[in-house]
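See structure below.
Coordinate-derived values only; no laboratory data. Quick caveat, the model's predicted, so the values are computed rather than measured. For neighbour counting, all protein chains shown are included, and Cβ atoms are generated from backbone atoms with ideal geometry for every residue, glycine included.
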Amino acid sequence: MARNVDVPARHDRDMGRSTRIDAPGAWHHVMNRGAGRRVTFRNDRERVAFVELVSELDRRFEIEIHAYCLMSNHYHLLVRSRGGRLSEAMAWLGSQYTRWVNVQRDVDGAIFRGRFHSVHVIRDAHLEWLFRYVNANPLDLGWEQPLADYRWSGLAASLGRDDRTNWLHTEFIRERFGGDRSQLEAFVERSRIDSASPQSALAGTCGADSIVAAVATARAPGPDVNSDADVRAVTTYLSLAVGIPATSVATIAHLDERQSTRFARRAERRCHRPGPAADLVRRVTSLLEHEQDLAERSCTIPCLTPDGTEPEWKLNDPRGGVDHRVSDTGWSR
């Protein structure tokens, strides 16, 4: 007998492109990777050329660069779009670098996989965590030296140790740490420490909306890394792990008790199995721990929406990028 499966309620690539969230003053985590996961930056000359193009984004498109990191086959940027021209800026960056690389390599073809991926960021606490995440990417390479020594990120400039990157905006993150650069460096270096389990670290400290927002922010770059099924599983698993009643968990609130229990068990297995979902659990837990740290220090977590009000995280909110519900017919793959 064929097993019923859920058809994910998401915006499919074949149905067209979803609308990007951008407006003057909006913050974004931006990335793109090489076409076919091939190496994007083969040597230092190519890295220098790309960074020089990134440095032009503020002057040309009013895109402030607050953090960046180049890896072998992808890059990360944390940006503030002063003029609401993010798509225009990233299209220019991709086309200019592709043209230059094709000339240098004497080839013809795409360097990046397609249009860039971006996450609209609406909480200051998420910005701090993303600053750390972007600058901690070298750890994936087995980097054992201080992260500020990694040449192809902006961390050294943020710590005041590299005057050559004077186009990088450092004032926001420094102000968040009271101008104490040693505290800022220690905060980034804590990326080396694995987060505690969500049950022990977060039980009773965060609500369903916080988990949905954190999953949307920490979701790995692009739906090819963390699928919508991963997002639903992680949202369900973490919500239940911290003690949120099933009736308040967006992914399963519409299901009856038997269906809800079945889905929760499958979500837990998915999150415990090594792979993208387990990696997402670690990132989300780390982000929620950071929010908890701020709360314990009596710090506010301001909303970054234009009108200054806390946004309502809805199931089909494009900032989350996915309808988190599952059908009552089975597991979404």
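Things to note:
- Only Lys, Arg (+1) and Asp, Glu (-1) charged, at Cβ; segment 24-192 dipole about Cα centre in debye: 480 debye
- Using θ = phi - 60° and Karplus 6.51 cos²θ - 1.76 cosθ + 1.60, couplings along segment 170-186 (whole Hz; Gly, Pro as x): 10, 5, 4, 5, 5, 5, 5, 10, x, x, 7, 6, 5, 5, 4, 5, 4
- Stretch gain in nm, segment Asn166-Ala35, where the contour uses 0.36 nm per residue and the Cα spacing is subtracted: 44.1 nm
- Residues Ser248, Ser158 in ascending order of nearby Cβ atoms (within 10 Å, fewest first): Ser248, Ser158.
- Once the mean of 1/r is taken over each pair of separate Cα atoms and inverted, segment 24-192 shows a Kirkwood hydrodynamic radius of 16.3 Å.
- Annotation: amide H of Ala67 within the under-5 Å range of Leu78, sequence separation 5 or more or interchain, hydrogens built in the peptide plane.
- Near Ala220, the amide H atoms lying under 5 Å from its own belong to Asn226; only residues 5 or more places off or on other chains count, and H is placed 1.01 Å from N.
- Net charge dipole size for segment 196-296 [Lys, Arg +1 and Asp, Glu -1 on Cβ; Debye, nearest 20]: 520 debye
- Amide H contacts of Ala26 (H built 1.01 Å from N, under 5 Å, at least 5 apart or other chain): Ser81, Gly84
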